[in-house]
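I have placed the structure first, in the form of structure tokens, so that the comments after it can refer back to it.
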Amino acid sequence: MNHSKSTAERESLVLRTIWMLVFFFVWQLAEVVLLVVVVVQLIQRCISGEPSRTLQEFGDSLSQYIAQIGRFGTFNTERKPWPLSDWPTPRPADMETAVSPVADEPKNEAQP
């Protein structure tokens with residue numbers, strides 16, 4: 001009984017190793033695609049003054065996908081990334097607000 005359990009665990013580990021190798025190559029391709037998205041987004045921002053909403057959403061979901069591959073590869077999860085599970089849903093963009101200038105700060109009335 002114990003022998004069959006260790007054999008099954010070994011086979012499971014071999015299968016996981018194969019998946020990890022497959023996802024390693026997918027990771028490499030996804031990094032190149034993310035680099036292209038970053039460059040195109042930069043060009044879009046320089047030309048129009050605004051980032052592309054579509055590229056923001058795709059870039060976010062692609063970043064999450066790369067993170068999923070990393071989590072699977074480091075044994076933090078048993079859930080295999082896409083195409084064996086759903087593609088990550090993009091989250092809303094974090095829009096930074098402009099910092100108010102120093103002149104707009106409240107003045108300290110107690111100063112002499």
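Every number here is computed from the coordinates shown, using simple stated rules; none is lab data. The structure presented is a predicted model; accordingly, all values stated were derived computationally and were not measured. Cβ atoms come from the backbone with ideal geometry, glycine included; neighbour counts cover every protein chain shown.
A few notes on this one:
- Relative to the current alpha-carbon distance between S6 and D94, full extension at 0.36 nm per residue lengthens the span by 27.0 nm.
- Positive minus negative residues near P90 (Lys, Arg vs Asp, Glu; Cβ under 15 Å): -2
- Calculated FRET value between E31 and R53, using beta carbons and R₀ = 35 Å, to 0.05: 0.95
- Per-residue ³J(HN,Hα) for the stretch 7-13, Karplus 6.51 cos²θ - 1.76 cosθ + 1.60, θ = phi - 60°, Hz, x for Gly and Pro: 5, 5, 5, 5, 5, 5, 5
- Among residues other than A30 with Cβ under 15 Å from its Cβ, the summed charge is 0 (Lys and Arg +1, Asp and Glu -1).
- For the stretch 20-92, the fraction of C-alpha pairs more than 17 angstrom apart is 47%.
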